[in-house]
Amino acid sequence: MSNFTLTEEILLKLLSASINGTKAQIDEETLKQADWNAIGLFSFKQAVSLAVFDVVTPYKKYIPANIYDKWYAHVLKAFSKNSALDSAQKQLHEEICNDCDYAILKGIAAAQYYNRPELRNLGDIDFLIAEDKLEAVSQKIIAKGYERHSDNDCHVCFVKNGVALEMHFEIPGIPYGEKGNTVRDFVKGILPTTKNVEAAGNAFTSPRDMYNGVVFLLHMQHHMVSEGLGLRHLSDWACYINKTHNDAFWNELLPFFKSIGVYKYCQVMTKTCSIYLGSACPDWAAKADKDLCYQIIRDILSSGNFGKLDNTRKTSGMMVSEHGKDGMKHGKVYNLARALHSSMYNVYPIVKRVPVLYPFLYVWRIFVYIFKVIKGERVSLIKAASVADQRKLLYEQLEIFETK
């Protein structure tokens with residue numbers, strides 16, 4: 001890993017060890033030279049702190065006590081958050097969705113493929129229900145003390161005591177047009193064919209393995225081409241591939257990925273996991289370009305989970321693509337305008353009731369952003385535009401939602 005910093009190299013080795021249930025192969029001289037504070041912070045920003053801390057324990061003697069204690073305190077906080085989410089998910093399973101079909105998306109549905117599911121850092125609880133159940137389930141959620149926080153194009157978010165429930169009526173990452181309709185038709189099978197799962201001491205309803213592949217892959221591209229993708233979601237894919245790559249459903253899944261234009265993306269992400277996280281590399285992914293895989297891991301290492309490592313990259317995402325829904329075919333100005341339009345109703349909910357206010361609030365929002373840039377509170381769009389150009393050149397090579 002000569003093209004990586006020592007911090008990046010060690011983090012990847014530790015994460016690979018966790019994913020594959022092995023001991024990290026790090027020589028003593030490297031362990032002595034390591035900046036363990038930087039490694040800990042890096043694992044936090046990449047949302048893989050639990051998995052990495054678990055395998056770093058054998059090397060505790062090389063870590064200064066104050067840094068180890070700070071890392072340990074963060075891990076306890078992460079476990080506490082996971083515990084709160086586990087409790088909320090139990091309530092969702094036993095009381096809120098007890099009388100209707102539902103499926104957990106991502107989160108612990110991804111954790112089930114880990115060797116130790118409890119070591120997957122959780123963020124919020126995403127679940128899928130039929131659209132005609134939205135109102136009834138919403139009322140049950142509110143009755144449990146949650147407040148309706150925001151509405152999105154594919155989900156409604158409710159929040160209580162820092163725990164977010166995202167109630168989806170559609171999986172994330174679906175593109176526009178006919179390919180979107182192809183995806184919707186394919187994933188109609190999620191709710192009728194769910195499976196009951198127990199992972200990390202938690203019972204829940206999950207999509208079947210094949211459908212989880214669709215959910216995970218579309219979700220990855222959805223974030224990669226916008227605010228940024230971190231190692232947590234790459235780890236999800238690595239663990240998923242490790243557990244399922246020999247299963248027969250891939251004979252159906254790969255042709256589907258080809259039909260919607262994400263087959264190359266699937267190949268590249270799978271080989272990237274294999275090279276840098278040590279996961280399996282099926283024959284269908286082996287021919288992916290190694291240099292492109294390197295560019296992808298560099299992109300992920302620079303981004304952090306949802307762009308937490310670089311605000312400029314995060315802002316540039318508004319110019320790269322509209323979460324991949326139209327692929328890479330539009331320019332920066334178009335994508336920026338669409339991003340502002342798409343978020344207007346969340347930022348200013350009054351626009352839904354009084355549409356005539358839209359143009360005035362749109363212009364006002366632009367002036368507010370410019371003022372914050374001048375004050376140094378926001379990233380300059382000129383600076384972000386340069387980063388957007390670089391990212392777009394990379395993502396265009398992935399041919400997302402392009403078919404030949």
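If you scan segment 374-393, which residues turn out to be in a helix (DSSP H, G or I) and either among the small types (Gly, Ala, Ser) or buried (at least 17 other Cβ atoms within 10 Å of the Cβ) (or both)?
LEU381, ALA384, ALA385, SER386, VAL387, ALA388, ARG391, LYS392
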Just name the residue that is farthest from ASP99 (Cα to Cα) out of those in segment 109-155 that are assigned to a helix (DSSP H, G or I) and open to solvent by less than 30 Å² (accessible area, probe 1.4 Å). LEU119
For segment 211-242, how many residues are within 13 Å of ALA103 (Cβ to Cβ) and aliphatic (A, V, I, L, M)? 2
Can you name every residue in segment 90-106 that is open to solvent by 10 Å² or more (accessible area, probe 1.4 Å) and within 20 Å of the chain's Cα centre (by Cα)? LYS106
Scan of segment 1-36 for residues that are farther than 27 Å from LYS81 by Cβ, in a helix (DSSP H, G or I) and not polar (S, T, N, Q), ordered by number: LEU6, GLU9, GLU28, GLU29, LEU31, LYS32
Examine segment 37-60 for a residue that is assigned to a helix (DSSP H, G or I), β-branched (Val, Ile, Thr) and open to solvent by 50 Å² or more (accessible area, probe 1.4 Å), and state whether such a residue exists. yes
Could you give me the residue pairs with C-beta distances under 9 Å whose first residue belongs to segment 374-399 and is under 24 Å from LYS287 (Cβ atoms), whose second residue is open to solvent by 60 Å² or more (accessible area, probe 1.4 Å) and not in a helix (DSSP H, G or I) wherever it lies, and which are 6+ apart or on separate chains? GLN397/ASP289
Selection from segment 157-179 of residues closer than 20 Å to GLU135 by Cβ and touching a Phe, Trp or Tyr at 6+ places or on another chain (Cβ under 8 Å) yields PHE158, VAL159, LYS160, ALA164, LEU165, GLU166, MET167, HIS168
Any residue in segment 200-214 that is part of a loop (DSSP other than H, G, I, E, B) sitting within a Cβ distance under 6 Å of a residue that is buried (at least 24 other Cβ atoms within 10 Å of the Cβ)? List the pairs, counting only those 6 or more apart or interchain. PRO207/ALA103
The number of residues in segment 238-284 that are surrounded by fewer than 18 Cβ atoms within 10 Å (Cβ to Cβ), of a type outside the set (Phe, Trp, Tyr) and assigned to a loop (DSSP other than H, G, I, E, B) is 6
Name every residue in segment 219-237 that is among the charged types (D, E, K, R), part of a helix (DSSP H, G or I) and within 25 Å of GLU402 (Cα to Cα), in order of residue number. ASP236
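The values are calculated or read from the model by the stated rules, or taken from the named source; none is laboratory data. Keep in mind that what you see is a predicted model, and the values were worked out from it rather than measured. All Cβ positions, even for glycine, are placed from backbone atoms using ideal geometry, and neighbour counts span all protein chains on display. The accessibility values were calculated without ligands, DNA or RNA, using every heavy atom of the protein model including side chains. Shrake-Rupley method; radii C 1.70, N 1.55, O 1.52, S 1.80 Å.
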